[in-house]
1. Of all trypsin sites (Lys or Arg not before Pro) in the range A:1-53, which ones are in loop regions per DSSP and have a Cβ with at most 13 other Cβ atoms within 10 Å?
2. Across the range D:125-132, in residue order, what do the Karplus-derived ³J(HN,Hα) couplings come to in whole Hz, using 6.51 cos²θ - 1.76 cosθ + 1.60 with θ = phi - 60° and x for Gly and Pro?
3. Between copies, how far apart are the residue C:200 label points? List them in nm, one decimal, shortest first, with each point 7 Å from Cα toward Cβ, please?
4. Kindly write out, for the range C:18-35 in residue order, the coupling ³J(HN,Hα) from the Karplus curve 6.51 cos²θ - 1.76 cosθ + 1.60 (θ = phi - 60°), rounded to whole Hz, with x marking Gly and Pro.
5. Per the Cauchy relation, a quarter of the hull surface: what is the mean projected area of the convex hull of the alpha carbons in the protein assembly as shown, in nm²?
6. Starting from a label point 7 Å past Cα on the Cβ side, list the distances from residue A:173 to the same position in the other copies, nm, shortest first.
7. Return the sequence-ordered ³J(HN,Hα) values of the range B:247-261 in whole Hz as given by the Karplus equation 6.51 cos²θ - 1.76 cosθ + 1.60 applied to θ = phi - 60°, using x for Gly and Pro.
8. To the nearest 10 degrees, how steep is helix C:180-190 against the longest Cα principal axis of chain C, on a 0 to 90 scale?
4 protein chains.
Amino acid sequence: PDVQSTRDERALAIEQVGIRGVRHPLTVRSKAGSFPSVGTFEMNVALPAHVKGTHMSRFIALLQKQEAAVDSTTAVTLVREMLPLLNATEGSVQFTYIHFVKKSAPVSGVESLMDYEVTWTAQARQNVSGTLETQLHLRAVVPVMSLCPCSKEISEFGAHNQRSHVTMSVVLDPQTKMTVEDLVSAAESEASSELWGLLKRPDEKWVTEHSYSNPKFVEDLVRDVAGRLQQDQRIQSLVVEAENFESIHNHSAYAKISLTK
Amino acid sequence: PDVQSTRDERALAIEQVGIRGVRHPLTVRSKAGSFPSVGTFEMNVALPAHVKGTHMSRFIALLQKQEAAVDSTTAVTLVREMLPLLNATEGSVQFTYIHFVKKSAPVSGVESLMDYEVTWTAQARQNVSGTLETQLHLRAVVPVMSLCPCSKEISEFGAHNQRSHVTMSVVLDPQTKMTVEDLVSAAESEASSELWGLLKRPDEKWVTEHSYSNPKFVEDLVRDVAGRLQQDQRIQSLVVEAENFESIHNHSAYAKISLTK
Amino acid sequence: PDVQSTRDERALAIEQVGIRGVRHPLTVRSKAGSFPSVGTFEMNVALPAHVKGTHMSRFIALLQKQEAAVDSTTAVTLVREMLPLLNATEGSVQFTYIHFVKKSAPVSGVESLMDYEVTWTAQARQNVSGTLETQLHLRAVVPVMSLCPCSKEISEFGAHNQRSHVTMSVVLDPQTKMTVEDLVSAAESEASSELWGLLKRPDEKWVTEHSYSNPKFVEDLVRDVAGRLQQDQRIQSLVVEAENFESIHNHSAYAKISLTK
Amino acid sequence: PDVQSTRDERALAIEQVGIRGVRHPLTVRSKAGSFPSVGTFEMNVALPAHVKGTHMSRFIALLQKQEAAVDSTTAVTLVREMLPLLNATEGSVQFTYIHFVKKSAPVSGVESLMDYEVTWTAQARQNVSGTLETQLHLRAVVPVMSLCPCSKEISEFGAHNQRSHVTMSVVLDPQTKMTVEDLVSAAESEASSELWGLLKRPDEKWVTEHSYSNPKFVEDLVRDVAGRLQQDQRIQSLVVEAENFESIHNHSAYAKISLTK
């Protein structure tokens, strides 16, 4: 009684069907070595109009075999394995995890980890000639500091500043070697200041003065980050968003730029 | 020193810039009368390449004047007021709130409120002839019960069931009178069972037996809801998603259908 | 077959049993008039060891009748009605909602709403002589601005600042008239600066300079707010917490003081 | 200019001051081997009334050195190292992470991972004789399936069921070897059914029928889990909570038992 495989008469294809919210332990291979993390996975296939249901347990079975260290090739590898297992010609694999980067404080050089939410997505589709076309997406949320140019300009002393999130979503050539660190540094280098886990007193002085000398509106943040990513040949299209958790309000300022090359 | 109005040389237009996460008290006008709620607002405009910044306080000033009861016309009204205030030719207003509907239990008829997360979005753009084109989106997240056909089929007795979220996002003709209640009922009528706040014993018996007699895969949920919305002339395009918070797993089953007419 | 009322043999009394996560529309009566909001309710009773189960639907039935405007007396009124309905001698009613206060900007005087998460909890217990003892708790989360004294001290110019949450939980004499506004103002007056929804340019200058002249560590925040609440005769005991969403780190600084008089 | 070390005149000791929301990569040593995860840390000390501030960066410096695999001894080890670094006589270290357990499906025996949110907390306090007293807390949130006895009793066929969270917080003798797996199994063995990541058809039949044969109210869940933990000599006190995400309502049923031995 394989209910899922019976014929469906509703004439409605399903764009995506699968599983989400599945957590899985990950070893992440990064520029500076490997580190432990936890991935949250979404795996979907397209379902033709005449098929009643997909086989949910096969997504999980595939994921359970995932024990190798993950990197920029993992999502593409998984989606290529997934399609035949699910008898599908189109599908996607996505996982979100916390990426750690060891950074040195700007003056003392003391080392500490920064954490970033990163998402890899691979989409695959079998075209008419039977070959598989894949697309690879990378998304990173980078916490930075923004300092308000207007507040600085109009005030005798001081300037309000706050934590901001710069979110970059880029489409990559699956063959290209783009690292999470490359993408993260685009946001950090264009903020009023980047953040660190551990700052000694001379570092805190540096961050305070550097950000004061480097004020940015939310509009400046998205323009400067988008401008930098635009010049990276490895990126096919990009969306840059910035959200400032305003220290003078209980709401956010927000801006977004999308560019297709 | 109006920093925001200075000329920008980076040659990058900004798709959206504005405020988000602003909470505002709302009186909602619905089919069955008015009720209190709280809206969370996002308001954005497009910013041309040569302008450095928008005027963030003007979004808030506009929102502070919003004291009239809200309904399906509010988002369009606000976006039309917003564009000239911000010197913009394109922008959007979005608000999310909890919508309450008084429902009668299926057997006892006892009344109680059900709560739904609802989002209205109005986008406006001034075309070359100077007239404003607007588009109206309505999104509702409807909690329902789903009962697994496979589990019922293979088991001697019982069938696993769970809470599911059916999320419908539709584009409406701004002139049309589509109510939240109309949209919600499309999801509720196609689930294994709809939910109620208050059920007496005979109602609980009815819901249990009704859902057992009406099993649905996550694929069935999106197909049946999309099929119903497809026939509604007021809807120009639709996305239907369903997420089952599986009672036998610690993850969700998920499906999605998008249709443009 | 009233399963819930059968005798339980496990000899384990239940401290709390009831419902949570129930949303209900509210009209809130405040110092400056009424406003709409949404409450999220928890209602619990204690269950003696020999009783198998409570009657869940009676909690909801009671809540459905709640149509009057809510204020500081509502939680106590509800818990007093609840106990006999549930045949209980002990129980609690709690609701959390967004409280709005209209504030005037510090220089321009322009008005806008600020939003605060507020929770009222009433606990009631029948003592041996049969009289009902009630206790009333009020909790408010107040978003404020904190500016770092160390950063200011060590830097040539500027000082990092950020949004902070001051959370105050106080036990009140149920007879006393303590308003949410009274409690909120204790946190706002002791922060580097309070926040506003809408600030014009002269206001932004004032907030920037005022906070720079008024630096506070997270330790200062909890000490100054606790010191102020300690002197309020209406408060029987208090917990003050502060969390600074540090603009130079991706984590928070946190402090807490508890005082019983 | 060490602002934090200046004398404070407000005569208010601070119960807890430190950092929270710090994410750190973890290798977790468990019964069945090691696995990668991510911890979210809180570290606090008590601050005497006469000291103005603590040294926030020292908490982070300590955490950055944490590279060894974590287990039930880690929180105690960290809190013992932390107190002298912060010149404190009292403090606590807490970390929350996702714990993975490889489980075999009940009929097919196919293996998959289940994920649980786990929190270890160690509190330490130097007593008058100068020795350090420590207390160790373990908390686990275990997702299970609950099936309603009333719904089963009153219905001709079927019974509503849903995902539930059983949350156990226990105080342990720091010397005792209690594993996360031991605690988790107490909740899983007392639920209508435990959950698995991967179930084949015969497993799904087993779970469906097993849960139908094993109905539990939210009251039964907390009583049966508390009854089992009560007999474990390694546990000094316990709090058991259960929350049923009701499949027939849009709210939860909740119960709680606290026991001190």
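1. The qualifying sites are A:31.
2. Rounded to whole hertz, the list is 8, 7, 8, 4, 7, x, 8, 9.
3. 4.9, 6.0, 7.5
4. x, 10, 8, x, 8, 8, 8, x, 10, 9, 9, 8, 10, 3, 9, x, 9, 9
5. 40.8
6. So the distances to the same position in the other copies read 4.8, 6.6, 7.7 nm.
7. Per residue, the Karplus-derived 3J(HN,Hα) values read 7, 9, 10, 9, 9, 10, 9, 9, 8, 8, 10, 10, 9, 10, 8 Hz.
8. Helix C:180-190 sits roughly 30 degrees off the main axis of chain C.
A short reminder: the numbers here are calculations on the coordinates, not readings from a lab. Quick caveat: nothing in here was measured; it's all calculated off a predicted structure. We place every Cβ from the backbone using ideal geometry, glycine too, and count neighbours over all the protein chains shown.
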